[in-house]
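Asks: Pasting a structure here, questions to come.
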Ligand SMILES: O=C(O)CCC(=O)C(=O)O
């Protein structure tokens, strides 16, 4: 991102209040109980524990494959979700010895499951995603080591208004700011990077020198997330009755961000109403979240109930961002989520928690205007065209405390 672009986007911050009615309108059909919306975004971070992944309770169920009608986004036609759907991507990747017919059949089945999850709650857990567990574990561990460094070391690469990545210390962000809720800073720290592709037009990534191998691991993990996001979007395209490659040219210079979050262990239980990350929606297209087994991620369903996103081994939690909801004319929803002390441990001091979120964003200059299959004479486009970057920068500014 050029400095002039940053400056002009900084000027947009003053207009955020004026934009809220539009943002709120975009969320009303999806989340009728939400008083207002804005989001969180392109910063990211994480921190995770090194314990081996273990079997978790699997109270979630696979989304059923219900045929969809792209132009229909009426909230009355979608089920109320009380657990996060689990979708297995295995068989959707081309592989030696697997026929193209078999891959096509699996893709079509999974695309329907994705469409149903995106219409009903905007969240799902994926398994069978093909990302190496070895890569995940080593990136997780090195990230944990990074957060263990002294503040002075971490502060060498800071998130500022001219560099939207880097380190953000405790209290640097309030995710619920802008939602008409408490703007108390969240008790967490983060580290984030953006794309290294010069065509994306972002500032070069600034890398910590410590721990050793941090850069190499993060680059590898970022690249694997890029591929997974592209695969998910090709399935999303099919779920919206578009050709599988419909998003390809719209994401080839993407400005996605990878952010690790560290929620420190606390020495006393949270006060009533206190959360670890405030309720917010994400900004972009899709988010790919890796969380540890500490738990606490909750998603608000259409009835206004908080549903636990229970950690499952070898999985990622996927959610849609505001951009995708708007692009799909609110056929798909971008849903409020937050991190709390898990209800079963409410009286205990919170354990250290780490997460890593890949916030996928499309090309910055992509015009976001209603997807052709998401409109009809009865459901004309609800929102005027806007560039992807303008949408994102407004939301980033709204949740940042600097
Ligand atoms: O830490 C988590 O699990 C969720 C973080 C999150 O929602 C975000 O950074 O946007």
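What follows draws every value from the coordinates through simple rules; no lab data is involved. Keep in mind that what you see is a predicted model, and the values were worked out from it rather than measured. Here Cβ is always computed from backbone atoms with ideal geometry, including for glycine, and neighbour counts include all displayed protein chains.
Asks: Report D for the range 237-294 in µm² per second (integer): Stokes-Einstein, Kirkwood Rh on Cα pairs, 4 °C, 1.567 mPa s.
Replies: 83
Asks: Order by neighbour count: 265, 156, 112, fewest other Cβ atoms within 10 Å first, most last.
Replies: 265, 156, 112
Asks: Further question on the same structure: Return 367, 114 ranked ascending by Cβ neighbour count within 10 Å, so the fewest neighbours appear first.
Replies: Exposure proxy ranking, most exposed first: 367, 114.
Asks: Assuming 0.36 nm per residue, please report the length gained on full extension of the stretch residue 82 to residue 390 beyond their Cα-Cα distance.
Replies: 107.5 nm
Asks: What is the extension gain from residue 137 to residue 156, computed as 0.36 nm multiplied by their sequence separation minus the C-alpha to C-alpha distance, in nm to one decimal?
Replies: Full extension of this stretch gives 4.3 nm more.
Asks: Going by how many other Cβ atoms sit within 10 Å of their own, how do 270, 135 line up, fewest first?
Replies: Taking fewest neighbouring Cβ atoms as first place, the list is 135, 270.
Asks: In nanometres, what is the gap between the two model label sites at residue 196 and residue 382, each 7 Å from Cα along Cα-to-Cβ?
Replies: Label at residue 196, label at residue 382, 4.0 nm between them.
Asks: Give me the one-decimal nm value for the distance between modelled label points at residue 95 and residue 149, 7 Å along each residue's Cα-to-Cβ direction.
Replies: Label-label distance for residue 95 and residue 149, simple model: 3.8 nm.
Asks: Additional query: Jot down the per residue volume, in cubic angstrom and as a whole number, of the convex hull over the alpha-carbon atoms of the range 90-236.
Replies: Enclosed volume per residue, from the Cα hull, is 160 Å³.
Asks: Taking the square root of 5 times each eigenvalue of the Cα gyration tensor, what semi-axes in Å does the equivalent ellipsoid of the range 288-362 have, largest first?
Replies: Working from the Cα gyration tensor, I get semi-axes of 25, 16, 9 Å.
Asks: Please give the contour-minus-distance gain from residue 267 to residue 216: 0.36 nm per residue of separation, less the Cα-Cα distance, rounded to one decimal in nm.
Replies: My answer for the length gained is 14.9 nm.
Asks: Specify the inter-centroid distance of the range 341-372 and the range 215-294, based on alpha-carbon positions, in whole Å.
Replies: A separation of 6 Å, based on Cα centres.
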